[in-house]
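Right, one structure below, let's go through it.
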Amino acid sequence: NAGVTQTPKFRVLKTGQSMTLLCAQDMNHEYMYWYRQDPGMGLRLIHYSVGEGTTAKGEVPDGYNVSRLKKQNFLLGLESAAPSQTSVYFCASSAYRGLATDTQYFGPGTRLTVL
Amino acid sequence: LAKTTQPISMDSYEGQEVNITCSHNNIATNDYITWYQQFPSQGPRFIIQGYKTKVTNEVASLFIPADRKSSTLSLPRVSLSDTAVYYCLVGQNQAGTALIFGKGTTLSVSS
């Protein structure tokens, strides 16, 4: 039982390049989330999904797209990377109830640098 | 969503009890209070959750007064390994809503 895994762990992009971050969970959770964490800012919600095939915007969605084609996977895409998107990205999942009070399980993070 | 306010940082020594207070003056009737812990280079980890009065588990205690406008996370006899960022979150017991993480409290434990 690996929990929540993220691929890749590190990535360096040039401005304008695109990439996809992959999140996978093996806990059969309905809800999945993408956060970004910047120094001194805490975690900010980018997008989240309440189930396979559905996505919703969070606090800072601009510049990102997401897809949830399979229940266990949640993809975060950057179509045209900008230096402002340099950050650590965390994926999380929570149980099928989808309540805000459900425990969120976080992955180890992806450190992205955009030059 | 209820906004939370907590100290930016706290310092302690090994073996002491640490209390981190979080203010949430606009907490709603359906809101629960949840605390997460984050170690450097790791994702946050759930510590404890409560609605009112006191909750205790193997890691911490959570004290919530009757008016629920604040809460206190209590860590008994901290060790160096408790050095981390602690987040206080307030969220409703409602499907489809997401928690808002603030800036958290950075706890530094020294020997």
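We did not get these values from a lab; they are worked out from the coordinates using the rules stated. Quick caveat, the model's predicted, so the values are computed rather than measured. Neighbour counts are summed over all protein chains in view; Cβ atoms, including those assigned to glycine, are modelled from backbone coordinates with ideal geometry.
For the protein assembly as shown, the pair-distance distribution built from all alpha carbon pairs, in bins 10 Å wide starting at 0, is 8, 33, 34, 20, 5, 0 percent. When the charge dipole of chain A is built from unit charges on Cβ atoms (+1 for Lys and Arg, -1 for Asp and Glu) and taken about the Cα centre, the candidate among A:Ser49, A:Tyr33, A:Val4 whose Cα reaches farthest toward its positive end is A:Val4.
Highest average first, the peptides A:5-18, B:67-80, A:33-46 ordered by how many other beta carbon atoms sit within 10 Å of their residues are A:33-46, B:67-80, A:5-18.
Scaled to the compact-protein estimate 2.2 N^0.38 Å, what is the alpha-carbon radius of gyration of segment A:57-107, rounded to two decimal places? Walk me through the intermediate numbers first.
Values: Rg = 12.8 Å, N = 51, 2.2 N^0.38 = 9.8 Å.
Ratio of Rg to 2.2 N^0.38 Å for segment A:57-107: 1.30.
Can you list the GluC sites (Glu not before Pro) in segment A:24-115 that are in a DSSP coil and have 16 or fewer other beta carbons within 10 angstrom? Each step should come with its number before you reach the end.
On the way: sites: A:Glu30, A:Glu52, A:Glu59, A:Glu79; in loops: A:Glu30, A:Glu52, A:Glu59, A:Glu79.
Passing both the DSSP loop test and the Cβ count: A:Glu52, A:Glu59, A:Glu79.
In this Cβ point-charge picture (+1 for Lys and Arg, -1 for Asp and Glu), the protein assembly as shown has a dipole of about 320 debye about its Cα centre.
Could you work out the Rg to Rh ratio of segment B:15-111, with Rh taken as the Kirkwood radius (inverse of the mean 1/r over all Cα pairs)? Ratio of gyration radius to Kirkwood radius for segment B:15-111: 0.96.
Cross-link pairs exceeding 32 Å in C-alpha to C-alpha distance, out of A:Lys14/A:Lys57; A:Lys71/B:Lys69; A:Lys9/A:Lys71; A:Lys70/B:Lys52, comprise A:Lys71/B:Lys69; A:Lys70/B:Lys52. Remark: segment A:105-115, residue by residue, has Karplus-estimated 3J(HN,Hα) of 9, 9, x, x, x, 10, 8, 10, 10, 10, 8 Hz, where x stands for each Gly or Pro and the curve is 6.51 cos²θ - 1.76 cosθ + 1.60 at θ = phi - 60°. The mean number of partner chain beta-carbon atoms within 10 angstrom of a residue's beta-carbon across peptide B:40-48 is 5.
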